[in-house]
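Participant: This structure is in structure tokens; I'll ask about it shortly.
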Amino acid sequence: SNITPKSYESRMATHPSPLARRLFKIMVEKQTNLCVSLDVYSKAELLQLVDTLGPYVCVFKTHVDIVDDFSYESVVEPLVALSKKHNFLIFEDRKFADIGSTVKSQYTSGIYKIVRWSHITNAHALPGPGIIDGLYAGAKEVTDDERGLLLLAEMSSKGSLATGEYTDKTVALARGNTEFTFGFIAQNRLGEPDEDFVIMTPGVGLDAKSDGLGQQYRTVDEAVSGGSDIVIVGRGIIGKGRDPIAEAKRYRDAGWASYLARLK
Ligand code: BMP
């Protein structure tokens, strides 16, 4: 829909999800709608990027299963400490896609134990409502802290099947539990004008248009003017040959300027 979302500040007061309210508070305090995607293979690089870019982001997105030298003690514990130091949320981009019982185990167990430390995670809507129920049950069982789920309603990649009726049905699924399912990974604003889903948008880049493997990039302003609340940027900031601090500031400034322009 074309309805302009309200300010982050007003949504901070009214959002049905405690996790989303906490997220909006961070965004307002730090004046940033930037999420940096940390797709790196070494824990040293991961933690170093988190400590240097922490001041510019509201969320760091991780794929912990690509870290070659991962251990819970040497990755998760320092990451959580840095999230307190720099006041950001952690989003493990796990893309759960199984039946409720299995995703509950994948969320809580194994070597990653995602629910213990990741404030946000995401899931495909493909299996139906049981996937949300399973993840929510896992969160309730393990922690009293706020946890939130994003459903993948649209994808940035070329030829994505998550369009049209699939996207609409994904939005309908999220309505079943808006305290936990607080928004979407999507390219556009979704939901009715009286609903408040947080839209986090990957496939954002100011220099490249694609990556040779199906990724498609839009500019920060295209994303935010289309209804994105948080832009997710990976290689545009941490890619080969880039100056991550300079790029993080550039994307942070662009994201905030587009947000302010949208409010007018
Ligand atoms: P980059 O900005 O370097 O292209 O990285 C994009 C990140 O966002 C990757 O971690 C990818 O897994 C994720 N992502 C995406 O690109 N498109 C989607 O639709 C959903 C994603 O999670």
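The values are calculated or read from the model by the stated rules, or taken from the named source; none is laboratory data. Remember, predicted model here, so these are calculated numbers, not experimental data. Here Cβ is always computed from backbone atoms with ideal geometry, including for glycine, and neighbour counts include all displayed protein chains. What goes into the accessible areas is simple: the full protein's heavy atoms, side chains included, and nothing from ligands, DNA or RNA. Shrake-Rupley method; radii C 1.70, N 1.55, O 1.52, S 1.80 Å.
Participant: Got a sec to turn the phi values of region 250-264 into Karplus ³J(HN,Hα) couplings, 6.51 cos²θ - 1.76 cosθ + 1.60 with θ = phi - 60°, whole Hz, x for Gly and Pro?
Facilitator: Once rounded to whole Hz, the list reads 4, 6, 4, 4, 5, x, 6, 4, 5, 5, 5, 5, 5, 5, 6.
Participant: State the Cα centre-to-centre distance between region 220-253 and region 141-185 in whole Å.
Facilitator: Measuring centre to centre over Cα atoms gives 22 Å.
Participant: Hey, another quick one. Please list, short to long, the whole-number percent of alpha-carbon pairs of the chain in consecutive 5 angstrom bins beginning at zero.
Facilitator: 1, 6, 14, 19, 20, 19, 13, 6, 1, 0
Participant: Please report the carbon-and-sulfur percent of the accessible area for the chain; probe 1.4 Å, protein heavy atoms only, DNA, RNA and ligands left out.
Facilitator: Roughly 51 percent, rounded to a whole number.
Participant: At q = 0.28 Å⁻¹, what log₁₀ I(q)/I(0) does a Debye calculation on the Cα points of region 60-126 give, no solvent, two decimals?
Facilitator: Relative scattering, expressed as log10 I(q)/I(0), comes to -1.37.
Participant: Sticking with this one: Taking the chain as a Gaussian network, Cα atoms linked when under 10 Å apart, which of 52, 201, 167 shows the biggest mean-square fluctuation?
Facilitator: Looking only at 52, 201, 167, the largest GNM fluctuation is found for 52.
Participant: Follow-up. Hey, what's the Cα Rg ratio for region 1-86 versus the globular rule of thumb, 2.2 N^0.38 Å?
Facilitator: 1.26
Participant: Which parts of region 34-58 would a label at residue 68 reach, counting a residue when its backbone N lies under 15 Å from a point 7 Å out along Cα-to-Cβ?
Facilitator: Counting only backbone N, you get 40-46.
Participant: From the helices alone, meaning DSSP H stretches of at least four residues, give me the mean residue ellipticity at 222 nm for the chain, per-run term -39500 (n - 2.57), in deg cm²/dmol to the nearest 500.
Facilitator: Counting only the DSSP helices, I get -12000 deg cm²/dmol.
Participant: Hey, another quick one. Let me confirm the definition first: pairs of Lys residues in region 90-239, 8 or more apart or on different chains, C-alpha distance under 27 Å. How many are there?
Facilitator: The result is 13.
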